[in-house]
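I have placed the structure first, in the form of structure tokens, so that the comments after it can refer back to it.
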Amino acid sequence: TVNSNQLYANISTIPITVSAMVFIPLRSTSFVPYGVLGAGLYMLNIDYSPDINKVMGDETKVKAGVHLGVGVELPLTQAISAHADYRYLFLSRVFDPGAVYDFSSKGYDGGAITLGLMVFF
């Protein structure tokens, strides 16, 4: 027997992305806001529940996607800045509609918060 409450999948993502950042200089502030747009490949590790694993194994898929976001740069020195941004990820469909267990009605888009340092040469 299969309990329908036990059918689920846990998905983890490893992104490989390229982004373009458009800075909006403001003279009267100590920070610089920016917009970010990019694309990438996302490796999705799909870990199915034990009931689904009776029929099929876990999967790893690579999907293409784009992201769009906003952020802020905070200059720390002449050559180093910190940045923080929020990016919304638009991923293509993860599962084929003909799969044994069809999760295609679920959304796999989502957000990401990025923190980092910029070093200028």
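The values are calculated or read from the model by the stated rules, or taken from the named source; none is laboratory data. Bear in mind that the values here come from a model prediction, so they are computed numbers and not experimental data. As a convention, Cβ positions derive from the backbone with ideal geometry for all residues, glycine included, and neighbour counts pool all protein chains shown. In case anyone asks, the SASA skips ligands and DNA or RNA and just uses the protein heavy atoms, side chains included. Shrake-Rupley method; radii C 1.70, N 1.55, O 1.52, S 1.80 Å.
Just a few scattered comments:
- Residue in segment 12-31 that is open to solvent by less than 60 Å² (accessible area, probe 1.4 Å), out of contact with any Leu (no Cβ under 9 Å at 6 or more places or on another chain), touching a residue at least 12 places away in the same chain (Cβ under 8 Å) and not charged (D, E, K, R) present: no
- Among residues of segment 33-57 that are over 30 Å from His83 (Cα atoms) and open to solvent by 30 Å² or more (accessible area, probe 1.4 Å), those with a beta-carbon under 8 Å from a residue that is of a type outside the set (Lys, Arg) and assigned to a strand (DSSP E or B) at least six positions away or on a different chain give the pairs Asp47/Ala9; Asp47/Asn10; Asp47/Ile11; Asp47/Ser12; Met56/Tyr48; Gly57/Tyr48.
- Count of residues meeting criterion [among the β-branched types (Val, Ile, Thr) and modelled with pLDDT under 85] in segment 1-45: 5
- Every condition in (1) touching a helix residue (DSSP H, G or I) at 6+ places or on another chain (Cβ under 6 Å); (2) open to solvent by less than 60 Å² (accessible area, probe 1.4 Å) is met by Gln6 except one, and the failing one is (2).
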